[in-house]
Amino acid sequence: MTEILRRESFAIGQVIFTAGDLPRFAYLIQAGAVDVSVQRDGKPMVLGTLKAGDLLGEMALIDAKPRSATATATEPTTCVVLTATEFQKRLESSDALVRAVVRSLSGKLRHADAG
């Protein structure tokens, strides 16, 4: 059975997750904006800004590895929260080719983030 999806709100400057955290959730941004950043030479480097309609935190759920980046709300932000279990159910119910592409892209992105 499908879990009921909940919403969560984040204030400006609130950290949604930190690099190194274990993956528990993915977030579908409904409103607001989130910076995704990594530490380079001890300084934060923003990799990108995600906005309404973007999915956040899915990479760690795809490969079950710790978060590779930190996500911080830069505007008041509301997200639909997907648990790891719900995300995996939805991923596994997709076409095998789609799953392979998603996993491949996730691996390439994780490698690029580390570099």
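Report whether or not Ala19 is of a type in the set (Gly, Ala, Ser) and surrounded by 13 or more Cβ atoms within 10 Å (Cβ to Cβ). Give the steps one after another, and end with the answer.
Working: of a type in the set (Gly, Ala, Ser): yes; surrounded by 13 or more Cβ atoms within 10 Å (Cβ to Cβ): yes.
Against the criterion (of a type in the set (Gly, Ala, Ser) and surrounded by 13 or more Cβ atoms within 10 Å (Cβ to Cβ)), Ala19 qualifies.
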Worksheet item: Looking at Val34, is it assigned to a strand (DSSP E or B), over 12 Å from the mean Cα position of the chain (by Cα), closer than 26 Å to Ser9 by Cα and β-branched (Val, Ile, Thr)?
Response: no
Worksheet, complete the sentence: Counting only residues in the stretch 94-104 that are under 24 Å from Leu47 (Cβ atoms) and modelled with pLDDT of 75 or more, the one nearest to the chain's Cα centre (by Cα) is identified as Arg103
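Do we find that Pro44 is in contact (Cβ under 8 Å) with a residue 12 or more places away in the chain, over 13 Å from the mean Cα position of the chain (by Cα) and over 22 Å from Leu5 (Cα atoms) in this structure? Lay out the reasoning, then the answer.
Values: in contact (Cβ under 8 Å) with a residue 12 or more places away in the chain: yes; over 13 Å from the mean Cα position of the chain (by Cα): yes; over 22 Å from Leu5 (Cα atoms): yes.
Against the criterion (in contact (Cβ under 8 Å) with a residue 12 or more places away in the chain, over 13 Å from the mean Cα position of the chain (by Cα) and over 22 Å from Leu5 (Cα atoms)), Pro44 qualifies.
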Worksheet entry | Residue list for the stretch 13-31, filter: part of a loop (DSSP other than H, G, I, E, B), closer than 25 Å to Arg90 by Cα and touching a strand residue (DSSP E or B) at 6+ places or on another chain (Cβ under 6 Å) | Thr18, Ala19
Worksheet item: Out of the stretch 18-59, which residues are under 15 Å from Ala73 (Cα atoms), of a type outside the set (A, V, I, L, M) and in contact with a Pro (Cβ under 8 Å, 6 or more places away or on another chain)?
Response: Gly32, Ser37, Gly57
Practice prompt. Just give me the residues in the stretch 19-36 being within 12 Å of Pro66 (Cα to Cα) and among the hydrophobic types (A, V, I, L, M, F, W, C), in sequence order.
Written response: Ala19, Leu22, Phe25
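The values are calculated or read from the model by the stated rules, or taken from the named source; none is laboratory data. As the structure is a prediction and not an experimental result, all values here were calculated from the model. Backbone-built Cβ (ideal geometry, glycine too); neighbour counts: all protein chains shown.
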